[in-house]
Amino acid sequence: MFEIEQFFADCRLAMQETDQQRAVREVVAKAVSDPAALMKAIGEPQKAGVNTLHRSDDLTVLNLIWGPEMNLMPHDHSMWAVIGIYQGREENTFYRRSEADGLTKLGLKIMNEKDCSFLDETAIHGVYNPLTKLTGGLHVYGGDFFGTPRSEWDPDSFKEAPYDVEKNVGLFELSNRRMEELKSQS
């Protein structure tokens, strides 16, 4: 049985380990290994959104729900992150900074239900939900996700700019409006 407060405590305990990122990854992997138990505790995804489950200076836990075919431009976190998928699929396209072009594409990692992945503090990635249904994931960050300055890149020009939290949260609302429009057309 998954208990959210115990999950936070387990993440905090893992952060005391020498290799805290690996230890937190194990905690998240365990949580997403039983999607039904996890969703019983946090709820089944109903709409796209950035749902904050825990926020402090050294740990943020988000329940991120990607809308159907939702795409988020390349961005960094300036902190390590662990992502565990409990429903759907998440495609991560990874990049590195390039003086000539802004970004250079490195590769793609596809995450399905029960998959868990670690991103170090230098990772730059764009996220895409290729499905026509919601994708849910636990995203655990080694810092204050909302209070840490970071960057985003225009998906066409790869021009870097400060990460705009409000704009990006608005993309989830846009996805929800699109879902409602598609439902009304059916």
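The values are calculated or read from the model by the stated rules, or taken from the named source; none is laboratory data. Just so we're clear, the structure is a prediction, and the values are computed from it rather than from any experiment. Reconstructed Cβ throughout: ideal geometry from the backbone, glycine too, with neighbour counts over all protein chains shown.
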Condition check for Asn71: buried (at least 20 other Cβ atoms within 10 Å of the Cβ), in contact (Cβ under 8 Å) with a residue 40 or more places away in the chain and closer than 30 Å to Glu181 by Cα: no
Can you find even one residue in region 47-55 that is of a type outside the set (Lys, Arg) and either part of a helix (DSSP H, G or I) or within 11 Å of Val140 (Cβ to Cβ) (or both)? yes
Is at least one residue of region 98-109 among the small types (Gly, Ala, Ser) and assigned to a loop (DSSP other than H, G, I, E, B)? yes
State whether the residues of region 13-28 include one that is under 28 Å from Glu173 (Cβ atoms) and under 15 Å from the mean Cα position of the chain (by Cα). yes
In region 111-146, which residues are assigned to a loop (DSSP other than H, G, I, E, B) and free of Cβ contacts under 8 Å to residues at least 60 places away in the same chain? Glu121, Thr122, Ala123
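Tell me, which residue of region 16-46 that is among the polar types (S, T, N, Q) and closer than 19 Å to Gly136 by Cβ is surrounded by the fewest Cβ atoms within 10 Å (Cβ to Cβ)?
The qualifying residue surrounded by the fewest Cβ atoms within 10 Å (Cβ to Cβ) is Gln46.
Here is a yes/no grid of residues against (1) in contact with a Lys or Arg (Cβ under 7 Å, 6 or more places away or on another chain); (2) at negative phi; (3) of a type in the set (A, V, I, L, M):
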residue	(1), (2), (3)
Gln87	no, yes, no
Glu90	no, yes, no
Thr93	yes, yes, no
Lys114	no, no, no
Ser117	yes, yes, no
Glu121	no, yes, no
Val127	no, yes, yes
Pro149	no, yes, no
Asp154	no, yes, no
Pair list, Cβ under 8 Å, 6 or more apart: region 162-183 residue closer than 17 Å to Asp76 by Cβ and part of a strand (DSSP E or B), other residue of a type in the set (D, E, K, R) and modelled with pLDDT of 90 or more: Pro162/Arg150; Pro162/Glu152
Determine whether region 77-89 contains at least one residue that is assigned to a strand (DSSP E or B) and either in contact (Cβ under 8 Å) with a residue 60 or more places away in the chain or more than 13 Å from the chain's Cα centre (by Cα) (or both). yes
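Would a scan of region 149-164 turn up a residue that is among the hydrophobic types (A, V, I, L, M, F, W, C) and within 27 Å of Ala37 (Cα to Cα)?
Taking region 149-164 and keeping what is among the hydrophobic types (A, V, I, L, M, F, W, C), we get 153, 158, 161.
Imposing the further condition that a residue be within 27 Å of Ala37 (Cα to Cα) reduces the set to none.
The answer is no; no qualifying residue exists.
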In contact with a strand residue (DSSP E or B) (Cβ under 9 Å, 6 or more places away or on another chain), modelled with pLDDT of 95 or more, of a type in the set (Gly, Ala, Ser) and within 18 Å of Thr148 (Cα to Cα) - does that describe any residue in region 96-119? no
Candidate set from region 136-163 (those that are within 15 Å of the chain's Cα centre (by Cα) and aliphatic (A, V, I, L, M)); member that is surrounded by the fewest Cβ atoms within 10 Å (Cβ to Cβ): Leu138
